[in-house]
Structures are given as C-alpha cells and as structure tokens.
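The values are calculated or read from the model by the stated rules, or taken from the named source; none is laboratory data. Fair warning: this is a prediction, and the values are worked out from it, not measured in the lab. Cβ: placed from backbone, ideal geometry, glycine included. Neighbour counts: every protein chain shown. With ligands, DNA and RNA removed, areas are computed over all heavy atoms of the protein, side chains included. Shrake-Rupley method; radii C 1.70, N 1.55, O 1.52, S 1.80 Å.
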Amino acid sequence: MPTHEPAAADGAAVDLGGAPPERLRGLYRDMAVARALDGEAVALQRQGVFPAYVSLHGQEAAQVGSAAALDRELDFAFPTYREMAVALTMGVDMVGYMASHRALWHGGLYDPMASRFGPVNAVVGGPVPHAVGWALGERLRGGRGCAIAYFGDGASSEGDIHEAMNFAGVFGAPVVFFCQNNQWALSVPNEAQVAGGSIAARATGYGMPGATVDGNDAVAVHRAVSGALERARSGGGPSLIEALTYRIGPHSTSDDPGRYRGPEEERYWRGRDPIARLRAALEEAGHADSAFFDETDALARERAARIRDGVSAAPAPDGAEMFTRVYREPTEALRRQQRAWHEEAELS
Ligand SMILES: Cc1ncc(C[n+]2csc(CCOP(=O)(O)OP(=O)(O)O)c2C)c(N)n1
Ligand SMILES: [Mg+2]
C-alpha cells in the first residue's frame, strides 16, 4: 500500500476530450524530449560536468501540460529549480538553460525577457511573489499577459506564498498559482506539513478558486491551466491549481530517497507514468501509431544528445563577471575582493 495515494491521480485513462490531435502529439513530443534530456542531465552530473541536478522525472505532464497552455507572446512563467520541461515547452534555449546546472552562470545563460521564462530560482517559494508583482505591473500597463507561478508542496508552507496569494486575491492580479504537489519536500512528506491535507483548499481563504488536477494527465493539466488563464485574462483574477504528481527520482543528485521512503511507493507511481498514459490514450484514439512513437522517441534522444553536447562544450564565462552585476556602483569591499581575486587568478 503506497503511503501517498491522492484521489485525483488515480491513473484513470487520459480523457482527450476532443483536443486537436496535433496539439496532443505536441504534448507527447515535449514530454519525450524532457524525459530524454533529464536522463542526459543526470548522466552529466555523474560524469562531473554538472555539480548537481534536480530531476523532474515523473512530473512531465504537469510541466508540459501547464506550459503548453501559455500564450508565449503575452504570458510570463516564474520557475523554481525543477522546471526544465516548462523551459523546453516554452522554447527556451536549452543549452542556455542547462548552463545553470553546470554553474556557468547563476540562473542560466538564456534571455529571460525574450523567452518569457524567468531565471532558475532555488529559493523555495521565491518566484511566487515575483509572479504576482509582474502580473500587477502587467495589468497597470494595460497588457493582456498573465503570470504563472510554479512552486512545490513544500513551498506552500512558506510565508512568501501566503502573502503573494493574499495580495493577488485582494488586487485581482492575473496570475495562476501552479503547485506541483509531488508528495515530498525533500524528505518531508505532505502529511507532515500540509495542515488540512489540501493545498488547493486554501484558495478559498484568498478569495480565489482552487482545484486539484491529476498532475500525471497532461491533457487534464492543460485544460485546467487554460481555464485559469482565460479567467485571469478576462479580468477574473487569480486561481490556484494543485497538480497531484510524484517525484520518481531523488530530490536532487545529492539525495538518497531510500532513507525516507519505500520502493513500493515509487512502483505505484511508476504505474501511473504520465508519458505511458498519454501514449495509451493517443493509441486508443487512433491519433498516433507505433511509427510516430518510434520516430518521436528517436528524435527526442537525438535532441537531448545535441543539448548535452552543447552544454558540455560551452565555454565558461570570464570569472571576473561575478563582480560586475552585484551593485550598480561597486562598494569598496567589493572592489577589494575583485582585486584579490585578480591577483589569485593571475598566480594560478
Ligand atoms: C527558502 C528556502 N528554504 C529552504 C531551502 C532548502 N530546500 C531546497 S529544496 C527544498 C524542498 C522543497 O520542496 P517542494 O517545494 O515540495 O519542491 P520540490 O523540491 O518537491 O519540487 C528545501 C527545503 C531553500 N532552497 N530555500
Ligand atoms: Mg515537493
């Protein structure tokens, strides 16, 4: 019996609900690339190219389904450290994205403004107030864009989240609060930190609708986020969506989940794999055949390998740059550190 068995992720058949086949195949493609690239990234960490990596294995439907609902011209995503498949779906330069895991540049080497995907943020809960601020700014300037704030079940216990949601509720900010409840905040399970048992239920207190969705069903996620975006865009204010999913791998490459959870739980969730579920539904509906899946999976592996090679070979930026973006006017202390760094760099 798994410890965690959320009702909304019961593994039922994915209901395609008349969605256009090309969009459904696109969701599958992005999920397949994300899975392949995730595997390459773990391998890069093992080879010493990445100091660390945070896998999203198991969360592909939640990430791809939500990101595919965004208007890439208008909206803006505020990610945590685990949103690689969101970046991919939004068309972010993935070598630039992966540069953050190689520690080439804090937050990555892609352009957040052009890609409308914020810098990777390792502060738990940190991107959520940013999303609300951006959304309010967008409304004040008369724009039609919406923000989507990504956060985890653990982040939902942070003060930042509550302040951000209340503020958004009071001011009717066009923002979608998208919680990926992957059952664990590092080694802390939901039941040890989510009083009341539901993150979505908290929405009532902030004057916004809250809903849980099967986070391993890309189509259900896409539908839920599209609805929330439509509501926000038409002046209806914020919403909270709790996507019930599961982190199949360790919290990060530095973690050993065997110390806090059992293999039966992992097996249970592997049986609800989001990619296998979408594949079964596409086959059942006759929207894709085995030739499509073979070709897509091969292309996914090729693309992942190209990104892997790109990030492995990317030149390291000039180390002196670490001093140039701290303050507009550098302090004397910073100048001193910079001089010391230069002297050491010249000696080495
Ligand atoms: C403000 C802050 N507190 C603590 C940490 C250490 N920390 C890193 S990840 C993590 C767990 C976050 O869990 P959750 O929000 O569920 O996201 P998940 O890792 O499961 O995607 C913690 C406590 C941090 N990075 N930032
Ligand atoms: Mg979590």
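Quick notes on this structure:
- Residue, farthest from the chain's Cα centre (by Cα), within the range 307-324, restricted to residues that are closer than 30 Å to ILE275 by Cβ and loosely packed, with under 13 Cβ neighbours inside 10 Å: ALA313
- Evaluation of ALA345 against (1) open to solvent by less than 60 Å² (accessible area, probe 1.4 Å); (2) assigned by TED's automatic domain parsing to the domain that holds ARG102 (one fails), failing number: (2)
- Restricting GLY172, GLY154 to those that are within 16 Å of ligand 2 (Cβ to nearest atom), open to solvent by 10 Å² or more (accessible area, probe 1.4 Å) and either farther than 17 Å from MET113 by Cβ or in contact with a strand residue (DSSP E or B) (Cβ under 8 Å, 6 or more places away or on another chain) (or both) reduces the list to GLY154.
- Residue count, the range 93-123 (criterion: more than 16 Å from ligand 1 (Cβ to nearest atom) and farther than 17 Å from TRP134 by Cβ): 13
- Qualifying positions in the range 325-336 - over 21 Å from GLY107 (Cβ atoms) and surrounded by 10 or more Cβ atoms within 10 Å (Cβ to Cβ): THR331, ARG335, ARG336
Listed here are the residues, each with its yes/no results for (1) open to solvent by 10 Å² or more (accessible area, probe 1.4 Å); (2) touching a residue at least 24 places away in the same chain (Cβ under 8 Å).
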position: PRO129; (1), (2): yes, yes
position: MET165; (1), (2): no, yes
position: ALA185; (1), (2): yes, yes
position: ALA195; (1), (2): yes, no
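- Selection from the range 202-213 of residues that are over 20 Å from VAL132 (Cβ atoms) and open to solvent by 20 Å² or more (accessible area, probe 1.4 Å): THR212
- Where helices (runs of 4 or more DSSP H) fall entirely within the range 22-121, those with at least 3 residues that are open to solvent by 10 Å² or more (accessible area, probe 1.4 Å) are at 112-115.
- Qualifying position, being among the charged types (D, E, K, R) and within 25 Å of VAL49 (Cα to Cα), among ARG306, ARG328, ARG335: ARG306
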